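The values are calculated or read from the model by the stated rules, or taken from the named source; none is laboratory data. This is a predicted model, so every value here is computed, not measured. Glycine also receives a Cβ, built like all others from the backbone with ideal geometry; neighbour counts cover every protein chain displayed. We work out accessible area using only protein heavy atoms, side chains counted, and drop any ligands, DNA or RNA first. Shrake-Rupley method; radii C 1.70, N 1.55, O 1.52, S 1.80 Å.
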Amino acid sequence: MTTAVADPLPDTTTVTQQHGLELLRQMILIRRFEERCVELYSREKIRGFLHLYIGEEAVAVGAINALSPEDEVVATYREHGHALARGTPPGTVMAEMYGKATGCSHGHGGSMHLFDAGRRFFGGYAIVGGGLPIAVGLALADKMKDNRSITACFFGDGAVAEGEFHESLNLAALWKLPVLFLCENNLYAMGTHITRHQSQTDIALKAGGYGIPHDQVDGMDVLAVGAAVRHAAEGVRRGDGPCLLELQTYRFRAHSMYDPELYRSKEEVAHWRRRDPLMLFTARLRDAGLLSEADLAGIEHEVAVEIDRAVVFAEDAPLEPVADLLKDVYAGVP
Amino acid sequence: MKTTYREAARAALREALQGDPRVFLMGEDVGRYGGSYAVSHGLLEEFGPDRVRDTPLSESAFLGAGIGAALGGMRPIVEIMTVNFSLLALDQVVNNAATLRHMSGGQLSVPLVVRMATGGGRQLAAQHSHSLEGWYAHIPGIRVLAPATVADVRTMLGAALREPDPVFIFEHALLYPMEGEVDEHPGPADIRHAAVRRPGRDLSLISFGGSLPKIIEAADRLATDGISAEVIDLRSLRPLDIATVTASVERTHRALVVDEAWRTGSFAAEVSAQIMERCFYQLDAPVARVCSAEVPMPYAGHLEYAALPQTDGIVQTAREMCGRG
Ligand SMILES: Cc1ncc(C[n+]2csc(CCOP(=O)(O)OP(=O)(O)O)c2C)c(N)n1
Ligand SMILES: [Mg+2]
């Protein structure tokens, strides 16, 4: 028998002012950063694919703030929010989008492939499902080395259809590895609604088939995400084996920059926008008397300055010389 | 009539779906979303969800299901969004699609068509930009086509569906907006022969798919320099029509092969070896290749540009081969 993780439900209603404001600051940073990215994309400063996380910020912020700095993080191509929440400086993320040498992946990766090994952010993977086996391996290394770290692996609902999802869950459970599988269920894989790509739409339930404890969490509520991840991480860290959380959320924008959104109605988007995680959390902090108008204005101002600086940093950053085209293919001269 | 590569690809799909009730299209986001490159836009509405089937992200399962459906008497067209994702289905291709006829002693036949986008040049970095059609051309038992013109993308699908064996069609993503001429009701393409796209005397420029526009442009520039380049479009990588290639090289005595894949083990290496085997004594210069740099595709625009074959490099190599370095 497998059980739900959060039993009894952890308290998600209280938060210290300091922690609450920090979570809010990170969510606002991600939102404003991406809004600036949209602008820069239309000015062709940022190229390639650009997948926005707008609407899903509570997931990365809630989850990553519930991890320890030694824990590993594996993410997808929709990972600006995860990198920023992990503490990767906005300037180096922006420089990466500009394809500059001072970007967090030296301009080699762009928006879909942010890496920050120093913060144990093991990157953005753009082959759907491709990150899961890597997370299993990172966890295997931790277990074999008797580290207390766990690996948090983010992936979408779409990835659940890939064989790699099932193979990874089975292997992680079989070997009792310290992986926390975090499924960002935003109801769509590109234009395909979950009811059109899953025979069993209850994703958490799939973990049960592998004997993995699982739970569903409101992914629009940053405190609920944080509490669930903290609780699940405890068990994983203790050596209980992997755990899966399904974080229910919604992407407010197109799949990538261009997308005619033929697959969903304006009403549906509007419905979810009423559950905007920034709006919900702002209201909650305000109601609890933890956030004044001046606090909010202060955060917005601080974030705006930080993003302006990031853009200046990216603009001024050097390009990698073409002579270095073959650098980093091997460790040294092959 | 004038149309785009994208619209021609769609017209070919529509014709195939209209012409044979056994034909159906399946792949990720081919229906409701309208196709990730908008190739199948409108086909769901026209043919319904039974024949234009959105699949989950399960490349191995739905390509394999295409094989099974073909065995079962259907004529599936499987779309893989981008060549890099086809690697998740490579087992089904190499171990099943390509082998079943032979392994069964000729009892089974897999009349499957697989289409996919390929190639770089759009700053999509190292997991969305590669040209792996040369790998597919390595596999006996399948056919590999690379339509480089609007007319070819319009007519190769119909020909592919007439084949009793699996056919893989690689559409270079940069070609989709390209305009060109095509008959309104063209017959199926000849998929057994390469094409001489432009006659010339001094050198043969040989390529396929997304690099064809580059060698045509190179031929234009070389012409202003007094170098007459013949342009060969391979069209089919497997089987390879080497006779058209060698006939050209026997006229021009010089061959330059352009291929967007990595140079080592590229399809250009195969073409080059076959020219060397057959035309060695007619050559006035070693066979040359312009390929991609041996690096996973970088995101930064200037690095990606440097990594891919470009007209400048093709022209320069051609000039050197003709003693005009
Ligand atoms: C193996 C593979 N197949 C197809 C794609 C194209 N693709 C990119 S994202 C995506 C949808 C993924 O949906 P989901 O996992 O739910 O993540 P989301 O984009 O919703 O965050 C698809 C089909 C891909 N990148 N990799
Ligand atoms: Mg999704």
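State all residues of the range A:166-203 that are within 15 Å of ligand 1 (Cβ to nearest atom) and free of Cβ contacts under 8 Å to residues at least 60 places away in the same chain; if no residue qualifies, say none.
Within the range A:166-203, A:166, A:167, A:168, A:194, A:195, A:196, A:197, A:198, A:201, A:203 qualify.
So, of the residues in the range A:114-145 that are open to solvent by 60 Å² or more (accessible area, probe 1.4 Å) and away from every other protein chain (no Cβ under 14 Å), which turns out to be farthest from residue A:88 (Cα to Cα)?
It comes out as A:144.
Which one of A:103, A:20, A:55, A:91 is over 15 Å from the mean Cα position of the chain (by Cα) and part of a loop (DSSP other than H, G, I, E, B)?
The conditions single out A:103.
Within the range B:148-185, track down each residue that is under 30 Å from residue B:71 (Cβ atoms) and over 15 Å from the mean Cα position of the chain (by Cα).
Correct list: B:158, B:161, B:162, B:163, B:164, B:165.
Would you please name the residue that is nearest to the other protein chains (Cβ to nearest Cβ), looking only at residues in the range B:97-141 that are surrounded by fewer than 19 Cβ atoms within 10 Å (Cβ to Cβ) and in a helix (DSSP H, G or I)?
Step by step, filter the range B:97-141, then rank; the result is B:103.
Where in the range A:259-334 are there helices (runs of 4 or more DSSP H), lying wholly inside it, with at least 2 residues that are free of Cβ contacts under 8 Å to residues at least 40 places away in the same chain and small (Gly, Ala, Ser)?
Result: A:293-316.
Out of all the residues in the range B:16-48, which are facing another protein chain (nearest Cβ under 9 Å) and more than 29 Å from residue B:178 (Cβ to Cβ)?
Residues satisfying the conditions do not exist here.
Among the candidates A:163, A:156, which residue alone is open to solvent by less than 30 Å² (accessible area, probe 1.4 Å), within 16 Å of ligand 1 (Cβ to nearest atom) and within 14 Å of another protein chain (Cβ to nearest Cβ)?
None of the others qualify; the one that does is A:156.
Quick check on the range A:265-288. Is at least one of its residues of a type outside the set (A, V, I, L, M, F, W, C), open to solvent by 40 Å² or more (accessible area, probe 1.4 Å) and within 14 Å of chain B (Cβ to nearest Cβ)?
Yes, some residue in the range A:265-288 is of a type outside the set (A, V, I, L, M, F, W, C), open to solvent by 40 Å² or more (accessible area, probe 1.4 Å) and within 14 Å of chain B (Cβ to nearest Cβ).
Under 8 Å between Cβ atoms, at least 6 apart or on separate chains: pull out the pairs that start in the range B:31-42 with a residue that is farther than 15 Å from residue A:258 by Cα and end on any residue that is in a loop (DSSP other than H, G, I, E, B) and of a type in the set (S, T, N, Q).
From the range B:31-42, the pairs are B:31/B:40.
What are the pairs with Cβ atoms under 9 angstrom where one residue, in the range B:72-85, is open to solvent by less than 10 Å² (accessible area, probe 1.4 Å) and the other, located anywhere, is within 16 Å of ligand 2 (Cβ to nearest atom) and of a type outside the set (Ser, Thr, Tyr)? Sequence gap at least six, or different chains.
Taking only residues 6 or more apart or on different chains, the pairs are B:80/B:28.
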